[in-house]
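Heads up, the thing below is written out as structure tokens.
The values are calculated or read from the model by the stated rules, or taken from the named source; none is laboratory data. Since the model is a prediction, treat every value here as computed from it, not as a measurement. We place every Cβ from the backbone using ideal geometry, glycine too, and count neighbours over all the protein chains shown. All accessible areas refer to the heavy atoms of the entire protein, side chains included, with ligands and DNA or RNA removed. Shrake-Rupley method; radii C 1.70, N 1.55, O 1.52, S 1.80 Å.
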Amino acid sequence: MQFRKSFFLLLALTTFALASQEPTGIVMLFRHGARGPTSDAVDNTWENMIGELTPVGMRQEFLRGVYLSKLYPNLFSKYDPNTIYIRSSDVNRTIMSAYSMLDGLFLGKGPSFAEAYPLDRTIPLYPLNFSVTDRDVLPFKYQAVPIHTLESDKDELLRGYSAPVCPISTNLTSNQSQSPAYQEMMNKFNSTITELYKAVPNIKPLNTGGLNDLSDALIANYFEGKPLPGGIDPNSGLGRNFTFLMSYMAYFLNAGTPLQRRLFSMNPLTQFKADLEQILKGSKTNIRLYSAHDSTLLPILAAMGIASHECLYKNFFENGNATSCYFPKFASALRFELWKNDTDENSSEIRVYFDEVAQNICKSANGHCKWGAFKDFIQNITQGKGIDYYRQTCISGEQEVVTDPHTGLKTALYVSSGIAVALLLGIVFAIRRKKIFESQAYNTF
């Protein structure tokens, strides 16, 4: 009996010790929080907030920061400029998302002046009509953190999918939109599109991006608490069909071929692997955060086998159970943890999470990747090619179209149509986090 008590006590202590462990470092790519629609085509009441981060988006990112600070209390115990690097695409909503998250990460951990420090020295070189008595350097102990950016048309890391950076992207998307598979899927949803136009008759013709504008406004209005265009209920049969259609459209158009997946994921994945390797080799900068877009995440998720038009099809038509297969929602995040083995580098592990769900990308027994297996995984995606291949391909016009018997949609929406896909998904997950399919599936596509 005494042995059993001792054993369970030891087990409990071991479990507690393991639970309190933290990785050596993390690398994370995340999407900005809720924003206004990118166009006023459906709802012109957004005025100067078109495409801008909303208060809801700020709160989402702030709470992510609070969550991470609790998940990794040692990594974020205090601000150290040597340990953290954060980069954002050069867009208001991603920069503001990064600042909002950092506020949550270092909430109340900013500097204060010592009691003996003469506060009059902090007054700027111009007269002020108030006395300074608060010894917190910034209100509420706010900790300022630098954010790095690069001009959008030069950002091969976070906007490598965009036409200004990679001109071939437009052709690749256009080729997909002209494939028989695209037309085939659109034909499946003729009745859905007809119902959408009845609900919102003022949207643009389909071939000018009307569906994209509608889904964009729908999700933006939902998070802002505005009336939903056409009163479309995202959990109705029409809403579920529309969500699937836009999700499928984005993956198929923008990450539907091996070339698209490789080309638009290789720069971020190569960078993340290099980041993790530097941490493994002892770099002090063991926290590396990247604030970007759903369009940044999309080809990476497809290349890693986490989400794609194929698994969306299986989920929708074949009652599949790929729970992480959806378009990146507002504040979605892909996170890599490095668990370093100090005695054997090759036994170090990489753990991958998408929206806090562990991803067994290496198909291992414990769901984790040994360092060597992770490097092989990235090598397989990139085929060992680097930035020179990316630049040459983006300019040379290499073509590749892979038809899929499951796919097809008719309209040639722009690459940006993918941005709106997350939009409807966010509504569905926000209202109800159940599986999209239920026994009474809406079958009239």
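What net charge do the residues around ALA331 carry, taking every other residue with its C-beta under 12 Å from that of ALA331, with Lys and Arg at +1 and Asp and Glu at -1? Mind dumping the intermediate values first?
Details: positive: ARG31, ARG35, ARG59, ARG64, ARG93, LYS329; negative: GLU61, ASP294, ASP355, GLU356.
Combined, the nearby Lys, Arg, Asp and Glu give +2.
What region 112-199 shows is 60 Å² of accessible area per residue, with the surface traced by a 1.4 Å probe over protein heavy atoms. The phi-based Karplus calculation (6.51 cos²θ - 1.76 cosθ + 1.60; θ = phi - 60°) puts the 3J(HN,Hα) values of region 382-389 at 7, 6, x, 8, x, 5, 5, 4 Hz, whole numbers, x for Gly and Pro.
Once you've got the Cα coordinates, tell me which of LYS273/LYS363; LYS78/LYS273; LYS188/LYS329; LYS281/LYS363 are over 20 Å apart.
On the way: LYS273/LYS363 18 Å; LYS78/LYS273 26 Å; LYS188/LYS329 25 Å; LYS281/LYS363 25 Å.
With Cα atoms farther than 20 Å apart: LYS78/LYS273; LYS188/LYS329; LYS281/LYS363.
Going by Cα centres, region 257-303 and region 56-95 are how many Å apart? For region 257-303 versus region 56-95, the Cα centre distance is 17 Å. Computed from the Cβ-Cβ distance with R0 of 56 Å, the FRET efficiency linking ILE123 to ASN187 stands at 0.20.
Sparsely packed loop sites in region 104-187 (the GluC sites (Glu not before Pro) outside DSSP H, G, I, E and B with at most 15 other Cβ atoms within 10 Å) comprise GLU115, GLU151.
Keeping all protein chains in place, calculate the accessible area per residue for region 45-110 (probe 1.4 angstrom), answer in Å².
Dividing the accessible area of region 45-110 by its residue count gives 46 Å².
When a 1.4 Å probe is rolled over the protein heavy atoms, the share of accessible surface on region 34-77 that falls to carbon and sulfur comes to 53 percent. Each label was represented as a point 7 Å from its Cα along the Cα-to-Cβ direction; for ASN235 and ASN360 these points are 3.1 nm apart.
In this simple spin-label approximation, TYR79 and LYS284 carry label points 7 Å from Cα along the Cα→Cβ vector, and these lie 1.7 nm apart. Backbone geometry of region 121-126 corresponds, through the Karplus equation with coefficients 6.51, -1.76 and 1.60 at θ = phi - 60°, to 3J(HN,Hα) couplings of 6, 8, 6, x, 7, 8 Hz, x marking Gly and Pro. Phi-derived couplings, Karplus 6.51 cos²θ - 1.76 cosθ + 1.60 at θ = phi - 60°, listed residue by residue for region 352-367: 10, 10, 10, 6, 6, 9, 5, 10, 8, 5, 9, 6, 8, 5, 9, x Hz, with x used for Gly and Pro. The gain in end-to-end length when the SER112 to ASP376 segment is fully stretched comes to 90.4 nm, 0.36 nm per residue minus the alpha carbon separation.
Highest mean first, what order results for 103-110, 301-308 on Cβ atoms within 10 Å? Intermediate values should be presented prior to the final figure.
Details: 103-110: 18.2, 301-308: 22.8.
Descending packing order for the listed peptides: 301-308, 103-110.
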